[in-house]
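For reference, the structure discussed in these notes is given below.
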Amino acid sequence: MPVTDTEGTKRKRLLSLDALRGFDMFWIMGADALGGVAAAMAKDRAEWVVHLADQLEHVAWQGFRFYDLIFPLFVFIAGVSLVFSLGRIVEEEGKDEAFIRLVQRAFLLYLLGVLYYGGWSKGWDEVRWLGVLQRIAISYLGAGFLFIFFSARTCAIALGGLLVGYWGLMNFVPVPGVGAGNMEEGKNLANWIDLKFLPGYKHDKTHDPEGLLSSLTAVASCLLGTFAGRWMQRGDKTPMAKVGGLAVAGVALLVLGWGWSFQFPIIKKIWTSSYVLVAGGWSCLLLGLFYWLVDVRGWTRWCQPFVWVGLNPIAVYLVAKVVDMDILARRVAGGPVAEGLNRWVPHLGDMVVALVGIGWCFLLAWFLHRRKLYLRL
């Protein structure tokens, strides 16, 4: 999406944002599998590798690992991006046109999400109405509406209201047969609302990790991104001041999030308010780091593969669903090739297969970029 430079005299892409989006997609594309293979290779030899590999798996319920950052980081980036894309439309064509574009994009992304999970091919009872792409669409719509029509101060009040309001609902509204304030899986208010009011297929049988009530705090994650986007857009701040501001904001959010977690636990599957703040803190720090490396220091060669993916994340995501990259990787590096490598060094063949699978995704992104083919919503 085009963005304005700090002088406002011409439009260009914020390369660090594309690179960060691609870096985030890198883990969704299957890089997490590398950690499992590395842990197997290092078993009984390097315990720190095993612990590092644990960071590439979601926590079962309560807590926070690196892999629990991947989804909210993408939502945060969507918030940063909409400041530039919708802000340009507001400036050039007005708020009404920006709102129309916002609704169109959110609707198309939501529809893609429903189709991604099989659409209605198995009947209406098996439609997954809420999932990853649908959550991004809802978050984008909510945060975009607030950005277009309200001031930064009002958006900040809305952000606080969403986080505190969700905390209040989860802690003080009783669940029938359980009571109020229970955060266990299946016994909390968010899961109960999904059980009673969310139709169709639910990922966790009776409830969904992208459920109804937690959509409120998902909007908050995207809204946090809009504040980072506003900060990045300011022409009265030097590049290093922007880096420093993101770093300070990141640390502050981490402190607030971890402090709040003593009363309101960090739980990704119900997107608790403390989870929003911790994930937002790390997102700010990563954005600041990428901005400093790519746009301030000008070190761009290392991140080009990430940029290719970051320019076309939805296309890569959808193609990876239709075309099983793991199967393609095994056709090239599996069978006798992987078995031979595994005999030479245990699990080396598995590592090569995982790398080839990721390589196919990068190759696809490079091909689309070279042909200037981009899936724009």
Legend entry - Dipole-positive endmost among ILE270, LEU69, LEU377 within the chain (Cβ charges, Cα centre): LEU377
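Sorted by mean Cβ packing within 10 Å, highest first, what order do the peptides 74-85, 290-301, 202-213 take?
Order by mean packing, descending: 74-85, 202-213, 290-301.
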Inset, instruction - Grab the Cα-Cα distance for PHE197 and HIS51, subtract it from 0.36 nm times how many residues apart they are, and report the gain in nm with one decimal. - result: 48.6 nm
Legend entry - Cβ crowding within 10 Å averaged over residues, with 155-162, 319-326 ranked highest first: 155-162, 319-326
Legend entry - In range of the label at ALA60: residues from the stretch 179-198 whose backbone nitrogen is under 18 Å from the point 7 Å along Cα→Cβ: 183-188
Legend entry - Peptide ranges 128-137, 216-225 listed from the most packed, as the mean C-beta count within 10 angstrom indicates: 216-225, 128-137
Inset, instruction - Give me the distance in nm between label points sitting 7 Å out from Cα along the Cα-to-Cβ direction at GLU184 and TRP366, one decimal. - result: 5.2
Inset, instruction - Can you give me the span-like helices of the chain, meaning DSSP H runs with 24 Å or more of Cα extent along the axis and Kyte-Doolittle mean at or above -1.0? - result: 70-93, 95-116, 132-149, 152-172, 215-233, 239-260, 273-290, 348-370
Inset, instruction - Rounded to the nearest 500, what is the 222 nm mean residue ellipticity of the chain from helices alone, with -39500 (n - 2.57) per DSSP H run of 4+ residues and division by all residues? - result: -21000 deg cm²/dmol
Inset, instruction - Please say if the stretch 126-206 is rounded, prolate or oblate, where rounded means a/c under 1.5 for a ≥ b ≥ c the square roots of the C-alpha gyration tensor eigenvalues, and otherwise the choice is prolate for a/b larger than b/c and oblate otherwise? - result: oblate
Inset, instruction - Please go through the residue pairs LYS269/LYS321; LYS205/LYS321; LYS196/LYS269; LYS237/LYS372 and name each one whose alpha carbons sit more than 28 Å apart in this structure. - result: LYS237/LYS372
Inset, instruction - Classify the stretch 204-263 as rounded, prolate or oblate from the Cα gyration tensor: take a ≥ b ≥ c as the square roots of its eigenvalues, call it rounded if a/c is under 1.5, otherwise prolate when a/b beats b/c and oblate if not. - result: oblate
Inset, instruction - Give, in nm to one decimal, the length gained when the segment between LEU111 and ASP324 is fully stretched (0.36 nm per residue of separation minus the Cα-Cα distance). - result: 74.5 nm
Inset, instruction - Towards the positive end of the charge dipole of the chain, with charges on Cβ (+1 Lys, Arg; -1 Asp, Glu), say which of GLY259, VAL90, VAL323 has the farthest Cα. - result: VAL90
Inset, instruction - Could you calculate the contour length gain from ASN171 to VAL296, that is, 0.36 nm times the residue separation minus the distance between their Cα atoms, to one decimal place in nm? - result: 40.6 nm
Legend entry - Largest to smallest principal axis extent of the C-alpha atoms in the chain, angstrom: 62, 61, 43
Inset, instruction - Under 1.5 on a/c is rounded, so check that first for the stretch 253-340, then, if it is not, pick prolate when a/b is larger than b/c and oblate when it is not; a ≥ b ≥ c are the square roots of the alpha carbon gyration tensor eigenvalues. - result: oblate
Legend entry - Over the stretch 62-301, relative contact order from alpha-carbon pairs under 8 Å, at least 6 apart, %: 25
Legend entry - For the chain, size of Cβ-based charge dipole, Lys and Arg +1, Asp and Glu -1, in debye: 840
Legend entry - the stretch 177-276: chymotrypsin sites (Phe, Trp or Tyr not before Pro) falling in loop per DSSP and having at most 13 other Cβ within 10 Å: PHE262
Legend entry - Relative contact order computed over the stretch 101-222 (Cα-Cα under 8 Å; 6+ residues apart), in percent: 29
Legend entry - Mean Cα-pair separation over length for the stretch 83-170, i.e. relative contact order, pairs under 8 Å, 6 or more apart, %: 29
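Read the figures in this text as sums done on the coordinates, not as results from a lab. All of these numbers come straight from a predicted model, not from anything done at the bench. Note that we place each Cβ from the backbone using ideal geometry, even for glycine, and neighbour counts take in every protein chain shown.
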